[in-house]
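Let me begin by presenting the structure, written as structure tokens, before commenting on it.
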Amino acid sequence: MSVITLTSDYGLVDHRVASIKGKILSWSHDVKVVDISHSIMAYNLLQTAYIVRNAYKFFPEGSIHIISVDSFYHKSRRNIITKIDGHYFISADNGITSLIFFDIKPEAVYEITLNNRFDDKVTFPSTDIFVPAAMHIYNGGLPEVIGRKIKSVKEISFPRAVYNENEKMIVGEVMYIDNFGNVISNISRKFFDKYASLSGGFTVKFRNIVLTKVLDQYTDVVLDWNREPEFHGKSSVIFNDADLLEIAIYKGSLHNGASSLFGLSTGEKIYVEFE
């Protein structure tokens, strides 16, 4: 059976998330609804893409993912269903699917024509458009019944790490900061390994900090587990579960993690220099 997931920038203080769930349950009491995150920063599509990309693949094939980020209604902006990698993604046509799937082509994209029935009566697209579309698919309906197939959607370029041949250096940037204050770059393990295998060594540089080793686990910074508290606050570089280069502080948080201690924010440069 399909699962419906919810991702939004609505937070949990207001009524909006409860409204979406209530609308779903008014269609069927048996639907399994799972929250991915409602703590997305307002309108932050890059943050949304990182979270959804690394979460959706753990759900059963055929799952339906409602993405209510930068989704407030305007009659000139389309709302779409994207079928990709065996899943359905329902969102505004704001470029979010191109960020999530910068390396995978969709099987099909449909403009939801439900909004044509409502026109200016749409007050909250998550309940007025996204939920009816999700429930149609959940109940076995075909997307083309509630939408028309389209060939192009809005695209946003995903920031890619690059290799500077003259400097023998990878130039990446901070793309995400997690709940522990860890700084995640756009430098993938595959991209790193391509040049590291031809090198005698490397250094990871950012601001005025230089690190020379990539650890396998966050806890590898602890050299003696009997003295584990002494290693709290130690910095490290790892490849995280998304296979992206990450700068971490052991037992850090948003207030005393890598982002705050090193003064790093999204968009700042991370360098890997090879010998």
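The values are calculated or read from the model by the stated rules, or taken from the named source; none is laboratory data. The structure presented is a predicted model; accordingly, all values stated were derived computationally and were not measured. Heads up, the Cβs are rebuilt from the backbone with ideal geometry, glycines too, and the neighbour counts pull from every protein chain shown.
Looking across segment 218-275, the residues that are more than 20 Å from Ile170 (Cβ to Cβ), out of contact with any helix residue (DSSP H, G or I) (no Cβ under 7 Å at 6 or more places or on another chain), of a type outside the set (D, E, K, R) and in a helix (DSSP H, G or I) come down to Tyr218, Thr219, Trp225, Asn226, Pro229, Ser259, Ser260, Leu261. Selection of first residues in segment 64-87 that are in the same structural domain as Val31 (by TED's automatic domain parsing) and part of a strand (DSSP E or B) and of second residues that are acidic (Asp, Glu) and surrounded by 16 or more Cβ atoms within 10 Å (Cβ to Cβ), restricted to Cβ pairs under 9 Å at least 6 apart or on distinct chains, gives the following pairs, ordered by first then second residue: Ser68/Asp9; Asn79/Asp93; Asn79/Glu111; Ile80/Asp93; Ile80/Glu111; Ile81/Glu111.
Looking only at segment 5-36, residues that are of a type in the set (A, V, I, L, M, F, W, C) and surrounded by fewer than 18 Cβ atoms within 10 Å (Cβ to Cβ) come to 7 in all.
Residues that are in contact with a helix residue (DSSP H, G or I) (Cβ under 6 Å, 6 or more places away or on another chain) and over 18 Å from Lys149 (Cβ atoms) within segment 72-92 comprise just one, Tyr73.
Just one of the listed residues (Ile187, Ile247) is of a type in the set (Val, Ile, Thr), within 21 Å of Ile104 (Cα to Cα), buried (at least 20 other Cβ atoms within 10 Å of the Cβ) and not assigned by TED's automatic domain parsing to the domain that holds Ile84, namely Ile187. If the condition is being in contact with a His (Cβ under 8 Å, 6 or more places away or on another chain) and either charged (D, E, K, R) or outside any loop (DSSP other than H, G, I, E, B) (or both), then segment 43-63 contributes Val52, Tyr56, Glu61.
With respect to Phe231, determine if the residue is in contact with a Gly (Cβ under 9 Å, 6 or more places away or on another chain), outside the structural domain of His38 (by TED's automatic domain parsing) and among the hydrophobic types (A, V, I, L, M, F, W, C).
Values: in contact with a Gly (Cβ under 9 Å, 6 or more places away or on another chain): no; outside the structural domain of His38 (by TED's automatic domain parsing): yes; among the hydrophobic types (A, V, I, L, M, F, W, C): yes.
When the stated conditions are applied, Phe231 does not pass them.
Just for segment 144-184: of the residues that are of a type in the set (Gly, Ala, Ser) and surrounded by fewer than 18 Cβ atoms within 10 Å (Cβ to Cβ), which one is farthest from Ile112 (Cα to Cα)? Among residues in segment 144-184 that are of a type in the set (Gly, Ala, Ser) and surrounded by fewer than 18 Cβ atoms within 10 Å (Cβ to Cβ), the one farthest from Ile112 (Cα to Cα) is Ser157.
Residues in segment 70-82 that are surrounded by 16 or more Cβ atoms within 10 Å (Cβ to Cβ) and either of a type in the set (A, V, I, L, M, F, W, C) or more than 11 Å from Glu111 (Cβ to Cβ) (or both): Asp70, Ser71, Tyr73, Ile80, Ile81.
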